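S.K.: If you scroll down you'll find the structure; I have some questions about it.
The values are calculated or read from the model by the stated rules, or taken from the named source; none is laboratory data. In this text the structure is predicted, and so the values were computed from the model without any measurement. Backbone-built Cβ (ideal geometry, glycine too); neighbour counts: all protein chains shown.
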Amino acid sequence: MSESDGVVLLIGSGWRPYREYLLRGIAGYLPLWLIDERPPSWQSPYLVGSSVVGLLDEQRVVADRDGLVAAALAVARHRKVTGVLTYEELLVTATAQVAERLGVPGLSVAGAENCRDKSRSRAELTRAGIAQPRFALVSDLPAAVEAAARIGYPVVTKPRGMGASVGVARADDPAGLAAAFGIAERARRAGPPVYEDGVLIEELVDGPEISIDGAVFGGRYQPFCLARKDLGPPPYFEEIGHLVDAADPLAEDPALAELLAEAHRSLGVRDGVTHTEVRLTSRGPVIIEVNARLGGDLIPYLGMLATGVDPGLLAARIAGGAPPRLEPTHRRCAGIRFLYPPQDCRVLEVSVPDPDEVPGLLEARAIVQPGAELRLPPATHLCRHAYVLAVAPNRAECEAALDRAAALVRLRYEPLDADREFQGRPW
């Protein structure tokens with residue numbers, strides 16, 4: 001690689017255990033320039049340069065949008081910028097603005113906002129006749145009650161601009177709706193103010209949930225990672241595990257592929273990578289949401305372990321104006337399981353098994369430090385203390401490895417009454 005190859009700008013780098021594999025893949029294609037909130041540390045081996053700009057303020061809003069654009073333009077004055085990308089939900093619109101300002105491939109601002117704002121997504125999908133839950137955008141509880149009565153219980157309440165199922169809850173009747181609406185209200189007020197106007201009331205559609213990471217190049221959509229999702233107990237929608245099986249027949253399903261392609265066309269997504277959530281209902285697949293970035297929870301990493309398709313390299317190719325390469329190099333099954341405490345607690349110690357202890361276990365990691373306070377929904381979301389990740393030749397062996405590994409995770413914690421030890425499990 002040389003300066004003539006140009007650089008890809010990455011906006012935000014995230015938490016190392018969840019994101020380093022992406023930096024490695026991006027930097028393997030073109031030189032990588034990072035624009036982030038602080039000088040690089042662990043990111044340095046993958047970079048040819050970096051800029052420091054205030055990204056998110058206390059309200060999770062891009063703090064210095066002009067400074068972000070100025071930093072990108074400063075790089076462009078002495079290096080050829082071939083593309084701009086991010087994998088952070090809160091930065092997708094700002095990243096699209098930078099790409100448009102530089103005139104390089106990437107999501108348009110309109111396409112990014114159509115994905116970022118769940119109300120806009122629903123409106124665009126409705127206009128295109130795409131299968132999705134019935135919905136209404138409401139601003140107060142009386143309107144929510146009226147909408148739920150019209151849609152029919154059970155319903156789901158959802159903030160307009162949050163991700164990872166934060167603030168999403170099920171309501172089976174008007175009494176449950178009041179509680180669920182309050183959860184969504186609190187969550188939306190903790191997010192960007194631009195999305196504070198309203199809560200979505202949606203039909204609860206039946207069936208298991210999957211996610212699909214896909215590549216869009218020149219308007220052509222191609223899926224490359226399909227994950228089966230495990231959810232925690234209702235009324236919340238905590239994502240407690242994901243499994244990617246390269247032999248999953250849904251990955252080759254033409255009806256699902258066409259639904260996904262139509263959804264992306266209707267949202268105006270022409271270049272980039274996306275993460276789409278779908279319910280497999282009795283009436284066929286239904287779009288839950290389309291996110292204008294790669295999936296979280298290490299889902300694209302599971303896909304790479306299962307198929308060999310490198311999501312970071314793929315995203316960098318698209319950002320640089322080159323078509324994605326999606327041919328698998330192997331076929332395996334990879335899964336991740338997240339561990340939650342049994343109650344609100346203060347963490348004293350987390351111990352995880354060594355990969356050598358469980359055949360198929362690739363990684364086990366504590367993701368909180370002693371002293372951390374974990375509070376279960378609805379107080380907070382994603383209150384995980386550890387995860388285990390396994391790879392195996394098939395789904396049955398992968399799930400067995402995850403079960404054995406999860407049983408060896410130990411959380412020592414301090415509840416309100418006394419210390420005790422808890423054998424790790426999802427929920």
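S.K.: Taking the stretch 115-155 only, how many residues are in a helix (DSSP H, G or I), of a type in the set (A, V, I, L, M, F, W, C) and in contact (Cβ under 8 Å) with a residue 60 or more places away in the chain?
M.R.: Residues that pass the stated criteria total 2.
S.K.: Are any of the residues in the stretch 103-125 among the basic types (Lys, Arg), in contact with a helix residue (DSSP H, G or I) (Cβ under 6 Å, 6 or more places away or on another chain) and outside the structural domain of Gly272 (by TED's automatic domain parsing)?
M.R.: yes
S.K.: Right, next: Assess whether Pro378 counts as being surrounded by fewer than 19 Cβ atoms within 10 Å (Cβ to Cβ) and within 27 Å of Ala251 (Cβ to Cβ).
M.R.: So Pro378 fails the test.
S.K.: Considering only the stretch 58-67, I want to know if a residue exists there that is modelled with pLDDT under 85, of a type outside the set (Gly, Ala, Ser) and at positive phi.
M.R.: Yes, because at least one residue in the stretch 58-67 is modelled with pLDDT under 85, of a type outside the set (Gly, Ala, Ser) and at positive phi.
S.K.: Considering each residue of the stretch 170-193, count those that are outside any helix (DSSP H, G or I) and at pLDDT below 90, and give that number.
M.R.: Within the stretch 170-193, residues that are outside any helix (DSSP H, G or I) and at pLDDT below 90 number 3.
S.K.: Considering every residue within the stretch 253-261, establish whether at least one is more than 29 Å from Ala136 (Cβ to Cβ), within 21 Å of the chain's Cα centre (by Cα) and outside the structural domain of Thr82 (by TED's automatic domain parsing).
M.R.: yes
S.K.: Continuing with this model, one more query. Name the single residue that is surrounded by the fewest Cβ atoms within 10 Å (Cβ to Cβ) among those in the stretch 83-121 being more than 25 Å from the chain's Cα centre (by Cα) and not small (Gly, Ala, Ser).
M.R.: Result: Arg101.
S.K.: Let me ask something else about it. In the stretch 126-152, what residues are in contact with a helix residue (DSSP H, G or I) (Cβ under 6 Å, 6 or more places away or on another chain) and either of a type in the set (Asp, Glu) or farther than 28 Å from Asp172 by Cα (or both)?
M.R.: Of everything in the stretch 126-152, just one residue is in contact with a helix residue (DSSP H, G or I) (Cβ under 6 Å, 6 or more places away or on another chain) and either of a type in the set (Asp, Glu) or farther than 28 Å from Asp172 by Cα (or both), namely Ala128.
S.K.: With modelled with pLDDT of 95 or more, among the aliphatic types (A, V, I, L, M) and within 20 Å of Gly295 (Cβ to Cβ) as the only criterion, which of Leu47, Leu34, Leu10 stands out?
M.R.: When all the criteria are applied, what remains is Leu10.
S.K.: Same structure, new question: For Gly312, are the conditions met, namely being touching a Gly at 6+ places or on another chain (Cβ under 9 Å), in the same structural domain as Gln222 (by TED's automatic domain parsing) and outside any helix (DSSP H, G or I)?
M.R.: So Gly312 does not fit the description; no.
S.K.: Looking at His275 and the list (1) in a helix (DSSP H, G or I); (2) surrounded by 24 or more Cβ atoms within 10 Å (Cβ to Cβ); (3) at pLDDT 95 or above, which single condition is not satisfied?
M.R.: Exception for His275: condition (1).
S.K.: Can you pull out every residue in the stretch 367-400 that is touching a residue at least 60 places away in the same chain (Cβ under 8 Å) and either among the hydrophobic types (A, V, I, L, M, F, W, C) or under 27 Å from Ala180 (Cβ atoms) (or both)?
M.R.: Ile367, Pro377, Pro378, His381, Leu382, Leu389, Val391, Ala392, Cys398 - these are the residues of the stretch 367-400 that are touching a residue at least 60 places away in the same chain (Cβ under 8 Å) and either among the hydrophobic types (A, V, I, L, M, F, W, C) or under 27 Å from Ala180 (Cβ atoms) (or both).
S.K.: Further, regarding this structure: Would you mind finding the one in Leu313, Leu267, Leu294 that is crowded, with 17+ Cβ neighbours inside 10 Å and either among the hydroxyl-bearing types (Ser, Thr, Tyr) or within 30 Å of Arg375 (Cα to Cα) (or both)?
M.R.: Leu294
S.K.: Let me ask something else. Give just the number: which of (1) within 30 Å of Leu102 (Cβ to Cβ); (2) over 22 Å from the mean Cα position of the chain (by Cα) does Leu314 not satisfy?
M.R.: (2)
S.K.: Let me ask another. Can you list residue pairs whose Cβ atoms sit under 7 Å apart, with the first residue in the stretch 300-320 being farther than 21 Å from Leu9 by Cα and the second being hydroxyl-bearing (Ser, Thr, Tyr) and crowded, with 24+ Cβ neighbours inside 10 Å? Count only pairs 6 or more apart in sequence or on different chains.
M.R.: Every condition considered, no pair remains.
S.K.: Just give me the residues in the stretch 66-80 being within 26 Å of Gly296 (Cβ to Cβ) and touching a residue at least 60 places away in the same chain (Cβ under 8 Å), in sequence order.
M.R.: Ala72
S.K.: So Ala143 fits all but one of (1) aliphatic (A, V, I, L, M); (2) farther than 26 Å from Trp15 by Cα; (3) crowded, with 20+ Cβ neighbours inside 10 Å; what number is the exception?
M.R.: For Ala143, the failing item is (3).
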